Amino acid sequence: MVSKRMLGLGTARSVIRELFEYGNQRAAVIGRENVYDFSLGNPSVPAPDAVNETAIRILKEQPDLIHAYTSAQGAPDARQRFADSLNRRFGGDYTADQFYLTVGAAASLCCVFNGLTCPEDEFIVFAPYFPEYKVFIEGAGAKMVLIPPEIEHFQIDFDAFQKALNPHTKGVVVNSPNNPSGVVYSQETLERLSEILRQKEAEYGHPIYLISDEPYREIVFSGVKAPWIPHLYDDTIVCYSFSKSLSLPGERLGYVLVPGKVADSKEVYAAVAGAGRSLGYVNAPSLFQQVVSLCCDMTSDLSVYEHNCKLLVPALREMGFHVAEPGGAFYLFPRSLEPDDKAFSERAKQFDLLLVPGSGFGAPGHFRLAYCVQTEMIERALPKFKELADSYR
Ligand code: PLP
(Lines give C-alpha, C1' and ligand atoms only; values in the text may rest on other atoms or scores of the structure.)
Protein backbone atom coordinates (compact mmCIF):
# COMPACT_ATOMS: atom_id res chain seq x y z
CA MET A 1 0.00 0.00 0.00
CA VAL A 2 1.33 3.44 -0.85
CA SER A 3 -0.08 6.94 -0.53
CA LYS A 4 -2.79 7.38 -3.18
CA ARG A 5 -1.98 11.06 -3.52
CA MET A 6 1.74 10.47 -4.02
CA LEU A 7 1.07 7.58 -6.40
CA GLY A 8 -1.14 9.87 -8.46
CA LEU A 9 1.48 12.62 -8.50
CA GLY A 10 4.25 10.19 -9.33
CA THR A 11 2.50 8.47 -12.20
CA ALA A 12 0.48 11.27 -13.82
CA ARG A 13 2.32 12.54 -16.89
CA SER A 14 2.17 16.27 -17.27
CA VAL A 15 1.03 17.76 -20.56
CA ILE A 16 4.42 19.42 -20.91
CA ARG A 17 6.23 16.12 -20.35
CA GLU A 18 3.99 14.45 -22.96
CA LEU A 19 4.77 17.16 -25.48
CA PHE A 20 8.46 16.77 -24.72
CA GLU A 21 8.29 12.99 -25.33
CA TYR A 22 6.31 13.56 -28.51
CA GLY A 23 8.95 16.06 -29.66
CA ASN A 24 11.69 13.48 -29.14
CA GLN A 25 9.82 10.85 -31.13
CA ARG A 26 9.10 13.30 -33.93
CA ALA A 27 12.75 14.51 -33.97
CA ALA A 28 13.88 10.93 -34.54
CA VAL A 29 11.72 10.85 -37.67
CA ILE A 30 12.08 14.32 -39.22
CA GLY A 31 15.23 15.67 -37.53
CA ARG A 32 15.56 17.80 -34.39
CA GLU A 33 15.85 21.02 -36.42
CA ASN A 34 12.38 20.48 -37.89
CA VAL A 35 10.61 20.28 -34.53
CA TYR A 36 9.68 23.70 -33.13
CA ASP A 37 9.62 22.97 -29.45
CA PHE A 38 8.22 25.87 -27.40
CA SER A 39 7.16 23.69 -24.49
CA LEU A 40 9.89 23.98 -21.83
CA GLY A 41 11.03 26.82 -19.58
CA ASN A 42 14.71 25.90 -19.60
CA PRO A 43 16.97 28.97 -19.96
CA SER A 44 18.59 29.04 -23.41
CA VAL A 45 21.57 31.25 -22.51
CA PRO A 46 24.57 29.93 -20.59
CA ALA A 47 25.47 31.01 -17.06
CA PRO A 48 28.02 33.86 -16.95
CA ASP A 49 31.63 32.69 -17.26
CA ALA A 50 32.21 34.04 -13.75
CA VAL A 51 29.97 31.30 -12.35
CA ASN A 52 32.17 28.50 -13.68
CA GLU A 53 35.35 30.40 -12.83
CA THR A 54 34.17 30.98 -9.27
CA ALA A 55 33.25 27.32 -8.89
CA ILE A 56 36.67 26.22 -10.14
CA ARG A 57 38.49 28.72 -7.92
CA ILE A 58 36.58 27.61 -4.83
CA LEU A 59 37.19 23.94 -5.61
CA LYS A 60 40.92 24.64 -5.92
CA GLU A 61 41.20 26.89 -2.89
CA GLN A 62 38.95 25.12 -0.39
CA PRO A 63 38.80 21.46 -1.51
CA ASP A 64 38.48 20.15 2.05
CA LEU A 65 35.73 22.39 3.32
CA ILE A 66 33.48 23.12 0.42
CA HIS A 67 31.62 19.81 0.39
CA ALA A 68 30.89 19.87 4.12
CA TYR A 69 27.48 20.43 5.72
CA THR A 70 26.53 24.05 6.29
CA SER A 71 23.96 25.32 8.79
CA ALA A 72 20.51 23.99 7.92
CA GLN A 73 19.41 27.46 6.78
CA GLY A 74 22.57 28.02 4.70
CA ALA A 75 26.07 29.31 5.35
CA PRO A 76 26.05 32.68 7.20
CA ASP A 77 28.48 34.32 4.73
CA ALA A 78 26.35 33.30 1.73
CA ARG A 79 23.18 34.59 3.42
CA GLN A 80 24.95 37.84 4.29
CA ARG A 81 25.93 38.35 0.63
CA PHE A 82 22.32 37.87 -0.48
CA ALA A 83 21.17 40.40 2.13
CA ASP A 84 23.85 42.91 1.09
CA SER A 85 22.90 42.52 -2.57
CA LEU A 86 19.20 43.23 -1.96
CA ASN A 87 20.05 46.16 0.33
CA ARG A 88 22.22 47.68 -2.39
CA ARG A 89 19.62 47.16 -5.09
CA PHE A 90 16.37 47.90 -3.30
CA GLY A 91 17.45 49.94 -0.30
CA GLY A 92 16.18 47.53 2.35
CA ASP A 93 17.66 46.64 5.70
CA TYR A 94 17.66 42.88 5.26
CA THR A 95 19.88 40.71 7.43
CA ALA A 96 21.41 37.27 6.98
CA ASP A 97 19.11 35.73 9.59
CA GLN A 98 16.06 36.54 7.44
CA PHE A 99 17.22 34.21 4.63
CA TYR A 100 16.58 30.49 4.40
CA LEU A 101 18.52 28.96 1.49
CA THR A 102 16.79 26.23 -0.45
CA VAL A 103 16.96 24.05 -3.53
CA GLY A 104 15.22 26.53 -5.84
CA ALA A 105 11.94 28.40 -5.75
CA ALA A 106 9.99 25.14 -5.70
CA ALA A 107 11.44 24.22 -2.32
CA SER A 108 11.12 27.82 -1.10
CA LEU A 109 7.40 27.74 -1.83
CA CYS A 110 6.98 24.35 -0.13
CA CYS A 111 8.78 25.64 2.98
CA VAL A 112 6.52 28.70 3.08
CA PHE A 113 3.22 26.86 2.52
CA ASN A 114 4.14 24.15 5.02
CA GLY A 115 5.48 26.67 7.51
CA LEU A 116 2.33 28.82 7.43
CA THR A 117 -0.52 26.33 7.10
CA CYS A 118 -2.91 25.73 10.01
CA PRO A 119 -6.12 23.68 9.71
CA GLU A 120 -8.65 25.18 7.23
CA ASP A 121 -6.18 27.70 5.79
CA GLU A 122 -6.54 28.86 2.20
CA PHE A 123 -4.10 30.40 -0.28
CA ILE A 124 -5.36 32.50 -3.16
CA VAL A 125 -3.70 32.06 -6.55
CA PHE A 126 -4.37 34.11 -9.70
CA ALA A 127 -4.83 32.38 -13.07
CA PRO A 128 -2.97 31.86 -15.25
CA TYR A 129 -0.66 30.22 -12.73
CA PHE A 130 2.31 27.88 -12.36
CA PRO A 131 0.51 24.51 -11.96
CA GLU A 132 2.85 23.23 -9.24
CA TYR A 133 1.28 25.73 -6.80
CA LYS A 134 -1.68 23.39 -6.44
CA VAL A 135 0.59 20.45 -5.67
CA PHE A 136 2.61 22.47 -3.14
CA ILE A 137 -0.39 24.09 -1.41
CA GLU A 138 -2.41 20.88 -1.16
CA GLY A 139 0.72 19.03 -0.09
CA ALA A 140 0.92 21.44 2.85
CA GLY A 141 -2.68 20.55 3.78
CA ALA A 142 -4.17 23.88 2.69
CA LYS A 143 -6.77 24.73 0.05
CA MET A 144 -5.88 26.55 -3.16
CA VAL A 145 -8.48 29.12 -4.20
CA LEU A 146 -8.09 30.02 -7.86
CA ILE A 147 -9.10 33.44 -9.20
CA PRO A 148 -10.09 33.32 -12.88
CA PRO A 149 -7.88 35.25 -15.27
CA GLU A 150 -8.41 38.83 -16.38
CA ILE A 151 -7.87 37.87 -20.00
CA GLU A 152 -7.29 41.26 -21.61
CA HIS A 153 -4.04 42.14 -19.83
CA PHE A 154 -3.52 39.29 -17.31
CA GLN A 155 -3.43 41.71 -14.40
CA ILE A 156 -5.89 40.90 -11.56
CA ASP A 157 -9.68 40.52 -11.57
CA PHE A 158 -10.20 42.44 -8.34
CA ASP A 159 -13.94 41.76 -8.09
CA ALA A 160 -13.35 38.02 -8.13
CA PHE A 161 -10.41 38.46 -5.75
CA GLN A 162 -12.44 40.40 -3.19
CA LYS A 163 -15.19 37.80 -3.29
CA ALA A 164 -12.68 35.01 -2.62
CA LEU A 165 -11.08 36.61 0.45
CA ASN A 166 -12.42 35.29 3.74
CA PRO A 167 -11.21 34.75 7.32
CA HIS A 168 -9.53 31.47 6.27
CA THR A 169 -7.28 33.28 3.78
CA LYS A 170 -3.76 32.76 5.08
CA GLY A 171 -1.93 34.01 2.04
CA VAL A 172 -2.02 35.21 -1.55
CA VAL A 173 0.51 34.12 -4.15
CA VAL A 174 1.80 36.48 -6.83
CA ASN A 175 4.24 35.67 -9.61
CA SER A 176 5.48 38.65 -11.56
CA PRO A 177 7.03 38.50 -14.16
CA ASN A 178 4.62 35.69 -14.74
CA ASN A 179 4.84 32.13 -15.91
CA PRO A 180 2.91 31.50 -18.19
CA SER A 181 1.76 34.98 -19.36
CA GLY A 182 5.05 36.91 -19.35
CA VAL A 183 3.09 39.82 -17.89
CA VAL A 184 4.55 42.05 -15.17
CA TYR A 185 2.10 43.34 -12.56
CA SER A 186 1.93 47.12 -12.71
CA GLN A 187 2.58 49.40 -9.74
CA GLU A 188 -1.14 50.22 -9.79
CA THR A 189 -2.15 46.54 -9.62
CA LEU A 190 0.23 45.84 -6.76
CA GLU A 191 -0.80 48.94 -4.82
CA ARG A 192 -4.47 48.06 -5.15
CA LEU A 193 -3.77 44.48 -4.10
CA SER A 194 -1.80 45.70 -1.07
CA GLU A 195 -4.53 48.13 -0.05
CA ILE A 196 -7.20 45.42 -0.17
CA LEU A 197 -5.02 43.05 1.84
CA ARG A 198 -4.36 45.70 4.51
CA GLN A 199 -8.10 46.33 4.82
CA LYS A 200 -8.83 42.62 5.14
CA GLU A 201 -6.06 42.09 7.68
CA ALA A 202 -7.67 44.79 9.83
CA GLU A 203 -11.13 43.32 9.31
CA TYR A 204 -10.14 39.70 10.10
CA GLY A 205 -7.64 40.61 12.81
CA HIS A 206 -4.82 38.43 11.45
CA PRO A 207 -2.03 38.78 8.90
CA ILE A 208 -2.54 37.78 5.27
CA TYR A 209 0.86 36.94 3.81
CA LEU A 210 1.69 37.90 0.25
CA ILE A 211 3.96 35.21 -1.13
CA SER A 212 5.94 36.68 -3.97
CA ASP A 213 7.28 33.89 -6.16
CA GLU A 214 9.83 35.70 -8.28
CA PRO A 215 12.25 33.46 -10.17
CA TYR A 216 11.91 35.83 -13.16
CA ARG A 217 12.61 39.02 -11.17
CA GLU A 218 15.66 39.91 -13.28
CA ILE A 219 14.05 39.20 -16.66
CA VAL A 220 12.22 42.50 -17.17
CA PHE A 221 12.22 44.28 -20.53
CA SER A 222 13.32 47.84 -21.22
CA GLY A 223 10.74 50.43 -20.25
CA VAL A 224 8.95 48.02 -17.88
CA LYS A 225 9.09 48.50 -14.12
CA ALA A 226 8.77 45.51 -11.80
CA PRO A 227 8.18 47.00 -8.34
CA TRP A 228 9.97 45.48 -5.33
CA ILE A 229 6.91 44.09 -3.63
CA PRO A 230 8.10 44.14 0.04
CA HIS A 231 8.22 47.95 -0.25
CA LEU A 232 4.50 48.01 -1.09
CA TYR A 233 3.18 45.48 1.41
CA ASP A 234 4.83 44.72 4.75
CA ASP A 235 3.63 41.13 5.06
CA THR A 236 5.44 39.99 1.92
CA ILE A 237 7.52 36.80 1.95
CA VAL A 238 9.86 36.45 -1.04
CA CYS A 239 10.60 33.13 -2.75
CA TYR A 240 13.53 33.50 -5.11
CA SER A 241 15.61 31.28 -7.35
CA PHE A 242 18.76 31.59 -9.43
CA SER A 243 17.45 29.04 -11.94
CA LYS A 244 16.52 31.69 -14.50
CA SER A 245 18.57 34.81 -13.75
CA LEU A 246 21.88 32.91 -13.69
CA SER A 247 20.69 30.03 -15.92
CA LEU A 248 21.36 27.48 -13.18
CA PRO A 249 18.15 25.44 -12.94
CA GLY A 250 20.01 22.19 -12.38
CA GLU A 251 22.13 23.51 -9.53
CA ARG A 252 19.04 24.10 -7.37
CA LEU A 253 19.72 27.29 -5.45
CA GLY A 254 17.18 29.77 -4.15
CA TYR A 255 15.97 31.31 -0.92
CA VAL A 256 13.05 32.36 1.22
CA LEU A 257 13.34 35.91 2.55
CA VAL A 258 11.18 36.77 5.57
CA PRO A 259 11.75 40.52 6.01
CA GLY A 260 11.72 41.94 9.54
CA LYS A 261 8.56 43.96 8.78
CA VAL A 262 6.50 40.80 8.25
CA ALA A 263 3.98 40.21 11.05
CA ASP A 264 5.45 37.72 13.56
CA SER A 265 8.54 37.60 11.35
CA LYS A 266 10.72 35.62 13.77
CA GLU A 267 8.01 33.01 14.24
CA VAL A 268 7.36 32.85 10.49
CA TYR A 269 11.08 32.41 9.78
CA ALA A 270 11.33 29.65 12.40
CA ALA A 271 8.29 27.92 10.91
CA VAL A 272 9.81 28.12 7.41
CA ALA A 273 13.00 26.57 8.82
CA GLY A 274 10.90 23.94 10.60
CA ALA A 275 9.14 23.12 7.35
CA GLY A 276 12.54 22.86 5.66
CA ARG A 277 13.57 20.41 8.35
CA SER A 278 10.40 18.35 8.09
CA LEU A 279 10.62 18.20 4.28
CA GLY A 280 14.33 17.45 4.31
CA TYR A 281 15.16 20.75 2.58
CA VAL A 282 18.12 21.56 4.82
CA ASN A 283 21.57 22.64 3.72
CA ALA A 284 21.12 23.74 0.11
CA PRO A 285 24.09 22.58 -2.04
CA SER A 286 27.22 23.92 -0.29
CA LEU A 287 29.35 24.65 -3.35
CA PHE A 288 26.57 26.58 -5.07
CA GLN A 289 25.67 28.53 -1.93
CA GLN A 290 29.14 30.02 -2.26
CA VAL A 291 29.30 30.29 -6.05
CA VAL A 292 25.89 31.89 -6.41
CA SER A 293 26.27 34.28 -3.48
CA LEU A 294 29.57 35.50 -4.92
CA CYS A 295 27.91 36.01 -8.32
CA CYS A 296 24.48 37.20 -7.17
CA ASP A 297 24.82 40.71 -8.59
CA MET A 298 25.30 39.27 -12.08
CA THR A 299 22.91 37.72 -14.55
CA SER A 300 23.30 35.67 -17.71
CA ASP A 301 22.93 37.68 -20.91
CA LEU A 302 19.17 38.03 -20.62
CA SER A 303 18.85 40.39 -23.61
CA VAL A 304 18.17 37.50 -25.96
CA TYR A 305 14.78 36.93 -24.32
CA GLU A 306 13.64 40.46 -25.06
CA HIS A 307 14.96 40.10 -28.61
CA ASN A 308 13.01 36.86 -29.10
CA CYS A 309 9.90 38.45 -27.63
CA LYS A 310 10.11 41.43 -29.99
CA LEU A 311 10.42 39.06 -32.92
CA LEU A 312 7.41 36.97 -31.94
CA VAL A 313 4.79 39.36 -30.61
CA PRO A 314 4.26 41.63 -33.66
CA ALA A 315 4.47 38.65 -36.02
CA LEU A 316 1.87 36.67 -34.07
CA ARG A 317 -0.43 39.69 -33.79
CA GLU A 318 -0.11 40.25 -37.52
CA MET A 319 -1.28 36.66 -38.04
CA GLY A 320 -4.35 37.34 -35.91
CA PHE A 321 -3.31 36.04 -32.50
CA HIS A 322 -4.37 38.04 -29.43
CA VAL A 323 -1.27 38.40 -27.24
CA ALA A 324 -1.37 40.28 -23.91
CA GLU A 325 1.56 42.68 -23.68
CA PRO A 326 4.47 40.82 -22.07
CA GLY A 327 6.92 42.66 -19.80
CA GLY A 328 9.40 39.95 -18.91
CA ALA A 329 10.18 36.27 -18.24
CA PHE A 330 10.34 34.19 -21.42
CA TYR A 331 6.77 33.15 -22.07
CA LEU A 332 3.83 34.32 -24.16
CA PHE A 333 0.26 33.26 -23.49
CA PRO A 334 -1.77 34.02 -26.63
CA ARG A 335 -5.40 33.08 -27.19
CA SER A 336 -5.80 29.82 -29.05
CA LEU A 337 -7.56 30.13 -32.39
CA GLU A 338 -10.38 27.90 -31.22
CA PRO A 339 -11.93 27.78 -27.73
CA ASP A 340 -10.62 24.24 -27.12
CA ASP A 341 -6.95 24.89 -26.36
CA LYS A 342 -6.16 21.16 -26.29
CA ALA A 343 -7.55 20.70 -29.81
CA PHE A 344 -5.56 23.77 -30.86
CA SER A 345 -2.35 22.35 -29.39
CA GLU A 346 -3.06 19.05 -31.20
CA ARG A 347 -3.55 20.89 -34.48
CA ALA A 348 -0.29 22.82 -33.92
CA LYS A 349 1.52 19.47 -33.85
CA GLN A 350 0.56 18.98 -37.51
CA PHE A 351 2.90 21.91 -38.19
CA ASP A 352 5.51 20.53 -35.78
CA LEU A 353 4.86 23.37 -33.35
CA LEU A 354 4.87 22.21 -29.73
CA LEU A 355 2.64 24.57 -27.73
CA VAL A 356 1.26 23.91 -24.26
CA PRO A 357 -2.55 24.18 -23.82
CA GLY A 358 -3.59 26.90 -21.37
CA SER A 359 -6.12 24.83 -19.37
CA GLY A 360 -3.39 23.42 -17.15
CA PHE A 361 -2.50 26.99 -16.18
CA GLY A 362 -6.10 27.75 -15.23
CA ALA A 363 -6.82 29.72 -18.41
CA PRO A 364 -8.56 27.64 -21.09
CA GLY A 365 -8.66 29.16 -24.56
CA HIS A 366 -4.97 30.09 -24.44
CA PHE A 367 -1.64 28.42 -25.03
CA ARG A 368 1.83 28.90 -23.59
CA LEU A 369 4.79 29.51 -25.80
CA ALA A 370 8.19 29.34 -24.06
CA TYR A 371 10.59 31.36 -26.22
CA CYS A 372 13.75 30.57 -24.27
CA VAL A 373 15.03 28.98 -27.49
CA GLN A 374 17.54 29.89 -30.18
CA THR A 375 16.47 32.97 -32.15
CA GLU A 376 17.06 31.26 -35.47
CA MET A 377 14.55 28.56 -34.46
CA ILE A 378 11.94 31.27 -33.92
CA GLU A 379 12.72 32.74 -37.34
CA ARG A 380 12.23 29.35 -38.95
CA ALA A 381 9.06 28.71 -36.92
CA LEU A 382 7.21 31.90 -37.92
CA PRO A 383 6.05 30.51 -41.31
CA LYS A 384 4.73 27.46 -39.43
CA PHE A 385 2.69 29.72 -37.12
CA LYS A 386 1.35 31.43 -40.26
CA GLU A 387 0.32 28.08 -41.74
CA LEU A 388 -1.35 27.18 -38.45
CA ALA A 389 -3.24 30.49 -38.38
CA ASP A 390 -4.21 30.14 -42.05
CA SER A 391 -5.60 26.68 -41.36
CA TYR A 392 -8.31 28.39 -39.27
CA ARG A 393 -9.38 30.79 -42.00
N1 PLP B 1 7.82 29.35 -9.81
C2 PLP B 1 7.64 29.59 -11.11
C3 PLP B 1 6.64 30.59 -11.53
C4 PLP B 1 8.38 28.88 -12.07
O5 PLP B 1 8.18 29.12 -13.36
C6 PLP B 1 9.32 27.92 -11.63
C7 PLP B 1 10.09 27.14 -12.60
O8 PLP B 1 9.93 27.18 -13.79
C9 PLP B 1 9.46 27.72 -10.25
C10 PLP B 1 8.70 28.46 -9.38
C11 PLP B 1 10.45 26.72 -9.73
O12 PLP B 1 11.73 27.14 -9.96
P13 PLP B 1 13.04 26.41 -9.38
O14 PLP B 1 13.78 25.87 -10.54
O15 PLP B 1 13.82 27.49 -8.76
O16 PLP B 1 12.60 25.41 -8.40
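The values are calculated or read from the model by the stated rules, or taken from the named source; none is laboratory data. Being a predicted model, the structure only gives us computed values, none of them experimental. With ideal geometry, Cβ positions are generated from the backbone for all residues, glycine too; neighbour counts draw on all protein chains shown. SASA here: full protein model, heavy atoms, side chains in, ligands and nucleic acids out. Shrake-Rupley method; radii C 1.70, N 1.55, O 1.52, S 1.80 Å.
Structural remarks
- Kirkwood-Stokes translational diffusion coefficient of segment 69-294, alpha-carbon pairs, 25 °C, 0.890 mPa s, µm²/s: 140
- Computed from the alpha carbon atoms alone, the convex hull of segment 273-318 holds 140 Å³ per residue.
- Measuring only protein heavy atoms, the 1.4 Å probe finds K143 accessible over about 110 Å².
- Straight-line cross-link reach from K134 at under 19 Å between alpha-carbon atoms covers these lysines, not counting any fewer than eight positions away in the same chain: K4, K143, K170.
- Reference-scaled alpha-carbon Rg (2.2 N^0.38 Å with N residues) for segment 244-393: 1.38
- Per residue, in Å², the accessible surface of the chain once ligands and nucleic acids are set aside, probe 1.4 Å: 43
- A 1.4 Å probe, protein heavy atoms only, puts the accessible area of H67 near 130 Å².
- Build a GNM of the chain with springs between Cα atoms under 10 Å apart, and of R277, R32, R192 the one that fluctuates most is R32.
- GNM remark for the chain: springs join alpha carbons under 10 Å apart, and the peak mean-square fluctuation among L332, L279, L101 falls on L279.
- Here segment 69-294 exposes an accessible surface that is 51 percent carbon and sulfur, computed with a 1.4 Å probe and the other protein chains kept in place.
- Distance from segment 66-103 to segment 240-299 (C-alpha centre basis), Å: 8
- Highest mobility in the GNM of the chain, judged by mean-square fluctuation with C-alpha springs under 10 Å and restricted to P63, P128, P314, is found for P63.
- On the principal axes of its alpha-carbon atoms, segment 205-264 has extents of 41, 31, 15 Å, going from largest to smallest.
- Computed from the alpha carbon atoms alone, the convex hull of the chain holds 155 Å³ per residue.
- Filtered GluC sites (Glu not before Pro), segment 91-136: DSSP coil and at most 15 other beta carbons within 10 Å: E120
- Within the straight-line cut-off of under 16 Å between alpha carbons, the aspartates and glutamates reachable from K244 are D49, D213, E214, E218, D297, D301, E306, sequence neighbours fewer than 8 places apart in one chain being disregarded.
- Take the Cβ atoms of K60 and D390, set R0 to 41 Å, and the FRET efficiency comes out at 0.10.
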